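As structure tokens, the structure follows; a few thoughts come after it.
The values are calculated or read from the model by the stated rules, or taken from the named source; none is laboratory data. All values derive from a computational prediction rather than experimental measurement. Ideal geometry is used to build each Cβ from the backbone, glycine not excepted, and the neighbour counts take in all protein chains shown.
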Amino acid sequence: MEMRALGRTGLSVSVLGLGTVKLGRNRGLKYPGGDGFELPTDEQATALLRASAELGVNLIDTAPAYGVSEERIGGLMAANGWFGDREKWVVCTKVGEEFDAATGESRFDFSPSHVRSSVERSLRRLRVDALDIVLLHCSENDERDVMGSGALDELREMKQQGLIRAVGASTKSVDAGLLAVRERGGACDVVMVAFGPADRQQGLVVEAARLRGVGVLVKKGLASGHIQTIMAKMPPEIRARTDDPVESAMRFTLGRAGVSSFVVGTARVEHLRENAAAAERSAGK
Ligand SMILES: NC(=O)c1ccc[n+]([C@@H]2O[C@H](COP(=O)([O-])OP(=O)(O)OC[C@H]3O[C@@H](n4cnc5c(N)ncnc54)[C@H](OP(=O)(O)O)[C@@H]3O)[C@@H](O)[C@H]2O)c1
């Protein structure tokens, strides 16, 4: 598996990352088939993490808003000795969004006190001494979340204290992504954006990040599982190489300078293997 530098963080991440929404949450999601699917068993979740280790996928993306995802990752990794080496893994989590499984609703809190208690909770749940990456889990009002909340400053302080290695924001709008990179460029080490053929405007954020040495993680690159929609806006030069939507999406995303990792959500080992094979075929070509 190809590894790439994550901007100037000093972290090295696999070009395929593992998104873990489906390890912990089965409500309020837009995946095919909707909500209410069975969460994977501990055996299935362990197999997914073991396969990640074997395939060289070292980036795991989670969040407090993904239900019991953090707790499960922390517990299963501890039970399996992090499959040999905690330091090989780059665990990314977030702050600011709190999902209520009972109501299926999220609420947002980017106050410095909430940010601190959320990070402390993530450290406990993930059973680690330091979090590799913590991102603002932005709301629809993402420009305010990035600029006005004091949350990034609190994360920077926790980074100074050695509790976090890299900080940044997972944004929705292009404007917020650009604010994170340009205005808060000194504050954000990493941004996470939904960049793909249907979200080309986010390429502006990717390029701004590349110029400033801010690492870029890509989310929702398989159209949240609606993979039959992916080819509609795919550039002809990629269509000419393959008609596989997964490989095409990876070629589009990983072919863009500045992108470090394509984070794909899956709960299925067979999909993880397929995605790793597609990433191998696509990366750097
Ligand atoms: N605001 C934020 O910060 C934010 C928002 C969204 C996502 N994210 C992060 O980004 C990750 C990716 O986003 P996402 O999960 O929304 O969407 P995604 O990665 O575009 O798509 C995930 C969906 O694709 C399916 N899938 C995966 N591999 C497949 C394959 N080879 N063939 C067919 N289907 C496949 C998965 O189902 P199976 O389980 O059946 O494989 C799942 O339903 C998330 O898991 C999360 O870590 C962050």
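Miscellaneous remarks
- Selection status of L254, within 21 Å of E2 (Cβ to Cβ), under 15 Å from the mean Cα position of the chain (by Cα) and more than 12 Å from the ligand (Cβ to nearest atom): yes
- Residue match in the stretch 133-142 (condition: out of contact with any helix residue (DSSP H, G or I) (no Cβ under 7 Å at 6 or more places or on another chain) and over 23 Å from G7 (Cβ atoms)): yes
Yes or no, residue by residue, for (1) of a type in the set (F, W, Y); (2) crowded, with 23+ Cβ neighbours inside 10 Å; (3) closer than 25 Å to L272 by Cβ:
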| position | (1), (2), (3) |
| --- | --- |
| D153 | no, no, no |
| G162 | no, no, no |
| A176 | no, yes, no |
| A180 | no, yes, no |
| G186 | no, no, no |
| F195 | yes, yes, yes |
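- Scope the stretch 1-32; condition surrounded by fewer than 22 Cβ atoms within 10 Å (Cβ to Cβ), under 16 Å from the mean Cα position of the chain (by Cα) and of a type in the set (G, A, S); matching residues: A5, S12
- Members of the stretch 101-150 that are in a loop (DSSP other than H, G, I, E, B), closer than 26 Å to G186 by Cβ and among the hydroxyl-bearing types (S, T, Y): S111, S139, S149
- Out of L178, L211, sole residue that is away from the ligand (no atom under 13 Å from the Cβ), more than 17 Å from the chain's Cα centre (by Cα) and more than 26 Å from V115 (Cβ to Cβ): L211
- Only one entry in D132, D153 is in contact (Cβ under 8 Å) with a residue 60 or more places away in the chain and out of contact with any Gly (no Cβ under 8 Å at 6 or more places or on another chain), namely D132.
- For beta carbons closer than 7 Å, sequence separation of 6+ or different chains, a first residue in the stretch 10-39 that is on the phi < 0 side of the Ramachandran plot and a second that is away from the ligand (no atom under 12 Å from the Cβ) and assigned to a helix (DSSP H, G or I), the qualifying pairs are V15/L254; L18/S52; L23/R72; G24/R72.
- Residue-level analysis places V57 outside the set of residues that are surrounded by 23 or more Cβ atoms within 10 Å (Cβ to Cβ), part of a strand (DSSP E or B) and away from the ligand (no atom under 11 Å from the Cβ).
- Qualifying residue in the stretch 75-95 (condition: within 20 Å of the chain's Cα centre (by Cα), closer than 26 Å to G28 by Cβ and assigned to a loop (DSSP other than H, G, I, E, B)): no
- The criterion of at least 3 residues that are at pLDDT 95 or above is met, among helices (runs of 4 or more DSSP H) falling completely within the stretch 176-285, by 203-212, 245-254, 269-282.
- Against the test of being free of Cβ contacts under 8 Å to residues at least 60 places away in the same chain, within 11 Å of the ligand (Cβ to nearest atom) and closer than 19 Å to L136 by Cα, the options A277, A223, A194 yield a single qualifying residue, A194.
- For beta carbons closer than 9 Å, sequence separation of 6+ or different chains, a first residue in the stretch 62-82 that is touching a residue at least 12 places away in the same chain (Cβ under 8 Å) and a second that is assigned to a helix (DSSP H, G or I) and among the aromatic types (F, W, Y), the qualifying pairs are M77/F83.
- The set of residues in the stretch 14-48 that are of a type in the set (A, V, I, L, M, F, W, C) and over 22 Å from K88 (Cβ atoms) comprises V21, L29, F37, L39.
- Output for the stretch 133-167, where each listed residue is charged (D, E, K, R) and within 14 Å of the ligand (Cβ to nearest atom): E140, D142, D145
- Taking the stretch 1-40 as the region of interest, the strands (runs of 3 or more DSSP E) fully inside it that hold 3 or more residues being within 14 Å of the ligand (Cβ to nearest atom) and under 23 Å from A278 (Cα atoms) are 16-19.
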